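Beneath this line is the structure, given in structure tokens, with notes to follow.
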Amino acid sequence: MDFISKDIQDYSARHTTVAGKLLEKIDRETNLNVLRPRMLSGHVQGRILSMVSHMIRPKTILEIGTYTGYSALCMAEGLADKGKLFTIDINEELEPIVNRYFQESDYSDQLQYMIGDALDLIPTLNETFDLVFIDADKVNYYNYYQLVIDKMAQGGFIIADNILWSGKVISKPKPNDKDTKALIEFNQKVHEDPRVENVLMAVRDGLMILRVL
């Protein structure tokens, strides 16, 4: 993931607005107590998600891949009054931790946390989304995209995480590397999709931002 020098990352973090105390707590406890803490969005990426949310003031947000709730709470900061954020994760073991963080937040009444397979749950959501964040299993990125694209508001945004996949997307993937193959396919397909315009940002592990036309 760290293909940008640590000195540059540290400089960027030092010149990025500090996150709130709850987010700092989630970051600290995730790194101490939860497996694969690198899955956490982290400070700079979290502030980017918050900034995008503040810019568009979404009424409805969908997150695919909750993990410990950090990114959901970052995006919730920009929700419109009475806005709603739906977040889906398949890992029920983290549910008690995430519920505790959500209850501690200022947005507990605006968050709907769903446990299950997003491929099954997304079709049940009768919502129009202003912002979608995809950060789940990489092999299904394009499947998630296909499920949400027709649920997007015109001018809405889809953000996909880990798009550069530690730089692996620019090399020939190994035959059994399904994740890298899936991300290369996703990047190419959405880039060629006339329904959206896109920018690939070399931030952390790569963010693809798509605007629905």
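The values are calculated or read from the model by the stated rules, or taken from the named source; none is laboratory data. Everything numeric in this text was worked out from a predicted model, so none of it was measured. Cβ placement follows ideal geometry from the backbone for every residue including glycine, while neighbour counts extend to all protein chains displayed. The area values use the complete protein model at the heavy-atom level, side chains included, leaving out ligands, DNA and RNA. Shrake-Rupley method; radii C 1.70, N 1.55, O 1.52, S 1.80 Å.
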List the trypsin sites (Lys or Arg not before Pro) within segment 153-183 that DSSP assigns to loop and that have no more than 10 neighbouring Cβ atoms inside 10 Å. none
With the other protein chains left in place, how much accessible area per residue, in square angstrom, belongs to the chain at a 1.4 angstrom probe? 52 Å²
Evaluate the relative contact order of segment 1-156 (contact order divided by residue number), counting alpha-carbon pairs under 8 angstrom at least 6 apart; express in whole percent. 21 percent
Whether segment 1-152 is rounded, prolate or oblate, judged on the alpha carbon gyration tensor where a/c under 1.5 counts as rounded: rounded
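Rounded to a whole number, what % of the accessible area of the chain do carbon and sulfur atoms account for, probe 1.4 Å?
Values: 5700 of 11050 Å².
Solvent-exposed carbon and sulfur of the chain make up 52 percent of the total.
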Assuming R0 = 25 Å, can you tell me the calculated FRET efficiency for the pair Asn126 and Arg211, based on Cβ-Cβ distance, to the nearest 0.05? 0.60
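Mean residue ellipticity at 222 nm from the helices of the chain, using -39,500 (n - 2.57) per DSSP H segment of n ≥ 4 over the full residue count, to the nearest 500 deg cm²/dmol? Present the calculation step by step, with values, prior to reporting the outcome.
Values: 8 runs with 79 residues, N = 213.
Computed mean residue ellipticity for the chain: -11000 deg cm²/dmol.
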If you stretched the chain out fully between Ile8 and Asp177, how much longer would it get, using 0.36 nm times the residue separation minus the C-alpha to C-alpha distance? 57.9 nm
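Return the subset of Lys138/Lys174; Lys59/Lys138; Lys6/Lys168 for which the Cα-Cα distance in this structure is over 23 Å, preserving the input order. Can you show the working numbers first?
Details: Lys138/Lys174 15 Å; Lys59/Lys138 27 Å; Lys6/Lys168 19 Å.
Listed pairs above 23 Å: Lys59/Lys138.
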Note down the accessible area of Leu213, probe 1.4 Å, to the nearest 10 Å². 90 Å²
Peptides 135-146, 112-123 ordered by average Cβ neighbours within 10 Å, highest first: 135-146, 112-123
